[in-house]
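This report refers to the structure that appears directly beneath it.
The values are calculated or read from the model by the stated rules, or taken from the named source; none is laboratory data. Just so it is clear, the model here is predicted, and its values are computed rather than measured. All Cβ positions, even for glycine, are placed from backbone atoms using ideal geometry, and neighbour counts span all protein chains on display.
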Amino acid sequence: MSYQITVQPSGRQFAAEANETLLDAALRQGMTLPYGCKDGACGACKGKVLSGSVDHGKSQPHALKEDEKAAGLTLYCCASAKSDLVIECKQLGSVSDIPVKTLPSRIEILDRLAPDVIEMHLRLPANERLQFWAGQYIDILLKDGKKRSFSLANAPHDDAVLQLHIRHVPGGLFTEQVFSTMKVRDILRFNGPHGTFYLREDSTKPMILVAGGTGFAPIKAIVEHAMAEKCERPIFIYWGAKARVDLYQNALPEKWATDHANIKYIPVLSEPAADDHWAGRTGFVHQAVMSDFPDLADYQVYACGSPVMIDVARRDFINTCKLPEEEFFADAFTFSAS
């Protein structure tokens with residue numbers, strides 16, 4: 001059975017089958033809605049059902065709470081229609097023109113940046129290039145239909161190879177191979193680009209970029225794109241990690257801040273090791289932002305890290321620091337073990 005979905009305030013419509021998510025149905029018909037993980041974890045696709053009923057599907061409790069369901073909210077990446085619907089959602093035109101491709105690639109570099117982080121470079125066939133927006137991700141396609149998502153760490157103009165920052169997940173079907181048996185010149189297939197986490201270039205607001213762990217990868221892409229475009233907006237980069245070793249490319253944002261007057265870099269460690277001799281900021285990274293910017297009314301925030309970090313940062317920035325809800329952009333990293 002097919003249902004008619006009307007998106008407000010645009011009035012655009014698309015059809016959704018009873019067994020597919022609203023997001024999949026929209027993307028299938030060329031309509032781009034905000035989304036991040038597509039797994040019910042990040043909350044980036046949260047929107048309101050104005051009329052009609054939905055099955056909330058596999059939405060995770062931290063991303064869609066019971067009181068939010070009662071208020072008519074749902075996650076479009078999980079919800080399926082049980083009737084014709086009218087939903088509320090801002091549509092994005094800037095990513096809808098980019099084709100999603102499935103391509104082969106060859107591993108060119110495997111560089112150990114930290115004990116549990118490898119930077120992988122993937123080279124595409126000579127006649128292929130991947131068009132994407134800084135901050136988007138690709139899905140590595142594994143056997144039996146499984147896939148693993150990784151943000152692109154390079155900016156679109158620097159697309160000779162695709163850069164991924166891969167953290168070792170104990171028991172992880174893919175990352176165990178990356179850290180043990182995978183080697184240079186191996187072939188990987190991927191699909192992409194995906195996601196609506198990217199720099200909104202039509203804004204003039206100062207930007208606060210918040211990274212947790214390997215959430216630095218898409219933040220790196222956004223900053224390098226902004227520099228290439230000679231963006232003069234103030235950029236404040238906060239990178240949170242557990243210990244000094246986890247700031248695996250610390251010298252890079254330090255150099256950005258040295259070379260560009262509009263860029264500031266603030267690393268934050270939650271549990272610095274004794275031999276780190278750390279004299280910098282400590283605690284949770286989003287709390288460092290709140291301490292420096294108690295009023296975020298005139299800012300944009302781009303945050304990438306664990307779902308818990310994203311959820312807390314969204315709540316506190318909006319409720320406590322007066323950040324406009326529409327100016328919070330996020331990508332939550334979820335990890336899958338075999």
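Taken over region 274-292, the criterion of being surrounded by 15 or more Cβ atoms within 10 Å (Cβ to Cβ) and in a helix (DSSP H, G or I) is satisfied by VAL285, HIS286, GLN287, ALA288, VAL289, MET290. Set side by side, the residues SER149, SER59 differ, and just one is within 17 Å of the chain's Cα centre (by Cα) and of a type in the set (Gly, Ala, Ser), which is SER149. Taking the conditions (1) touching a residue at least 40 places away in the same chain (Cβ under 8 Å); (2) more than 26 Å from LYS38 (Cα to Cα) in turn, ARG189 satisfies each one other than (2). Residues in region 18-50 that are touching a residue at least 60 places away in the same chain (Cβ under 8 Å), loosely packed, with under 15 Cβ neighbours inside 10 Å and in contact with a Phe, Trp or Tyr (Cβ under 9 Å, 6 or more places away or on another chain) were compared, and the one that is nearest to PHE328 (Cα to Cα) is GLY30. Of the listed requirements (1) more than 20 Å from LEU323 (Cα to Cα); (2) crowded, with 16+ Cβ neighbours inside 10 Å; (3) modelled with pLDDT of 95 or more, CYS231 misses just one: (3). For region 117-126, the tally of residues that are outside any strand (DSSP E or B) and β-branched (Val, Ile, Thr) stands at 0. Is it the case that THR196 is farther than 18 Å from ARG112 by Cα, of a type in the set (Ser, Thr, Tyr) and surrounded by fewer than 19 Cβ atoms within 10 Å (Cβ to Cβ)? So THR196 does not fit the description; no. Within region 138-148, being surrounded by fewer than 23 Cβ atoms within 10 Å (Cβ to Cβ) and either closer than 21 Å to ASP116 by Cβ or in contact with a His (Cβ under 9 Å, 6 or more places away or on another chain) (or both) holds for ASP139, ILE140, LEU142, ARG148. Of all the residues in region 279-330, those that are hydrophobic (A, V, I, L, M, F, W, C), without any contact (Cβ under 8 Å) to a residue 60 or more places away in the chain and under 23 Å from ALA134 (Cβ atoms) number 3. Given the condition part of a strand (DSSP E or B), of a type in the set (Gly, Ala, Ser) and touching a His at 6+ places or on another chain (Cβ under 9 Å), answer yes or no: does some residue in region 208-215 qualify? Yes: region 208-215 contains one or more residues that are part of a strand (DSSP E or B), of a type in the set (Gly, Ala, Ser) and touching a His at 6+ places or on another chain (Cβ under 9 Å). Scanning region 157-177 for residues that are buried (at least 22 other Cβ atoms within 10 Å of the Cβ) and outside any strand (DSSP E or B) turns up just one, THR175. Cβ-Cβ contacts under 9 Å between residues 6 or more apart (or on different chains), taken from a first residue in region 252-278 that is among the acidic types (Asp, Glu) to a second residue that is surrounded by fewer than 19 Cβ atoms within 10 Å (Cβ to Cβ), are listed as ASP259/MET227; GLU271/LYS242; GLU271/ALA243; GLU271/THR282; ASP275/ARG244; ASP276/ALA243; ASP276/ARG244; ASP276/VAL245. Taking every residue in region 166-185 that is closer than 17 Å to LEU113 by Cα and pairing it with any residue that is among the charged types (D, E, K, R) and assigned to a strand (DSSP E or B), at least 6 positions away or on another chain, the pairs with Cβ-Cβ distances below 8 Å are ILE166/GLU119; THR175/ARG148; THR175/ARG167; VAL184/GLU108. ALA243 falls short of the stated requirement of being free of Cβ contacts under 8 Å to residues at least 24 places away in the same chain, outside the structural domain of ARG148 (by TED's automatic domain parsing) and not polar (S, T, N, Q). When LYS82 is tested against (1) over 22 Å from GLY212 (Cα atoms); (2) surrounded by 17 or more Cβ atoms within 10 Å (Cβ to Cβ); (3) basic (Lys, Arg), only condition (2) is not met. MET1 falls short on exactly one of the conditions (1) within 24 Å of LYS147 (Cβ to Cβ); (2) surrounded by fewer than 23 Cβ atoms within 10 Å (Cβ to Cβ), and that condition is (1).
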